[in-house]
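Okay, structure first, notes after.
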Amino acid sequence: MTGNDGMVIVGAGDCGVRAAVALRDLGHVGPITLAGAERHHPYERPPLSKTTLDNSADPLPKYIVTPERLATADIRLCTSVTAEAIDRTRKLLRLDDGSVLAYRKLLLATGARPRPLPMAVGLARCVTLRTFDDALALRAHLRPGRRLAVVGGGFIGLELAAMAREAGVDVTVIEALPRILQRGVPPAIAAAIHARHMAAGVVIRCGHAITSMVENETGLHITLADGDMLMADIAVIGIGALPNTALAEAAGLTIDNGIAVDDCLTTSDPDILAAGDCCSFPLALYGGRRVRLESWRNAQEQGALAAGTMMGQHDAHRAVPWFWSDQYELGLQIAGLADEAVDVVRRDLGPDAFLLFHLAADGRLLAASGLGPGNTVARDIRLAEMLIARRAHPPRDALADPGVKLKSLVVAESPAARHLEGVVT
């Protein structure tokens, strides 16, 4: 048992590791313990649906920080352990290996788990992709001539489909909703990604529910609601994720689409925080609505923010949500939340690249989406992110015109420029 000046973090993913390192950087001199359920040293998850599946490369995890960095910072890492219970009165955390950790502040960075498809539970040919071990197991199936079914047309499923197709695998994507990326991107971007997958030979079946899945020695038999039957050697179930809240719920913490936290990431217990995929928080930039974000950058940002709160700082979450995905040679980036937008402005950057700006009824820029080869849209999305953070109302015609540099709109929205405009007028 550690002393009660210790900082304890449950979850050794991006969020938890970033928080641990930030605590040391902020000057915490007491014990820091990082507890993770996996056997591996903490690694990044985005490569799991990309380079980890590439059979031409060595299957090595990409570490978040090196073992030497944790050792130098005197951060204790416990792997292959699961947190079983929190004693909030005595400020103790019990692990399944029998050990007990005393904490001054406790951070829950427990992440999320794949949403199960009931009919697929227990089938050996139905798998999920969430961990490095999952990727290693799936990697062995990605060989020319193999048949892969991807259930769910979201980011991870489509990234996997692209990698598998490039490996010569026959791929079918099954999506129950009318189009792929229904919840993630606007129709124009979804259509472009759909077309790129079709050009690569991926079969995409949208608007088709699955009625049964049966496996035998010949493969997996998937029957759709319209009566069609598909055959696959293996199916990856990618229909979303559920926040890991059981530990927090058993401890009596408030749950609301994840572990509910305030804008400093504090739970209903002032000595317990939650961050990353497992928590929901109020986002001031969008009227204080409570959101839960599953993204690599959010995990990093909230890990740093949680560390500050644990050290007594009171910085509120102000970051603009940001997402990215790679599909073949195409890079997709999204800044902000577009679901409340009523108007979309398109800016064409070339034959294969474009931006979409999502505006509120009063003309405020709520979000921006972009698609193009490589990092074509990265700079413009970053500039759009600045406009979103400033609650800007850029001219609609300027957004549509590729001849108007977005940087000029950012400069025009600076406090100094607005002050000057007021003086001139």
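The values are calculated or read from the model by the stated rules, or taken from the named source; none is laboratory data. Just so it is clear, the model here is predicted, and its values are computed rather than measured. Don't worry about glycine lacking a Cβ; one is built from the backbone with ideal geometry, like all the others, and counts go over all protein chains shown. Note: areas computed on protein heavy atoms with side chains; ligands, DNA, RNA excluded. Shrake-Rupley method; radii C 1.70, N 1.55, O 1.52, S 1.80 Å.
One table, with the values for the structure above:
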| read-out | value |
| --- | --- |
| Selection status of R346, open to solvent by 10 Å² or more (accessible area, probe 1.4 Å), touching a strand residue (DSSP E or B) at 6+ places or on another chain (Cβ under 9 Å) and in a loop (DSSP other than H, G, I, E, B) | no |
| Pick from segment 361-404, criterion within 25 Å of the chain's Cα centre (by Cα) and assigned to a loop (DSSP other than H, G, I, E, B), ranking: surrounded by the most Cβ atoms within 10 Å (Cβ to Cβ) | V377 |
| When residues of segment 282-318 are limited to those that are hydrophobic (A, V, I, L, M, F, W, C) and closer than 19 Å to P243 by Cβ, the one surrounded by the most Cβ atoms within 10 Å (Cβ to Cβ) | A306 |
| Near pairs, Cβ below 9 angstrom, 6+ apart or cross-chain, from segment 39-55 (β-branched (V, I, T)) to any residue that is surrounded by fewer than 16 Cβ atoms within 10 Å (Cβ to Cβ) and in a helix (DSSP H, G or I) | T52/L136 |
| The listed residue being under 30 Å from L359 (Cβ atoms), touching a strand residue (DSSP E or B) at 6+ places or on another chain (Cβ under 7 Å) and among the aliphatic types (A, V, I, L, M), out of I210, I156, I193, I234 | I193 |
| Search result, residues across segment 165-175 that are modelled with pLDDT of 95 or more and hydrophobic (A, V, I, L, M, F, W, C) | V169, V171, V173, I174 |
| Any hit, segment 1-12, residues being among the small types (G, A, S) and touching a Lys or Arg at 6+ places or on another chain (Cβ under 9 Å) | yes |
| Elements of type strands (runs of 3 or more DSSP E) contained in segment 256-302, each with 3 or more residues being in contact (Cβ under 8 Å) with a residue 12 or more places away in the chain and more than 24 Å from A367 (Cβ to Cβ) | 272-274 |
| Subset of segment 227-239 [within 25 Å of the chain's Cα centre (by Cα) and in a strand (DSSP E or B)] | I234, A235, V236, I237 |
| Selection within segment 321-337 - surrounded by fewer than 23 Cβ atoms within 10 Å (Cβ to Cβ) and at negative phi | P321, W322, F323, W324, D326, Q327, E329, L330, G331, L337 |
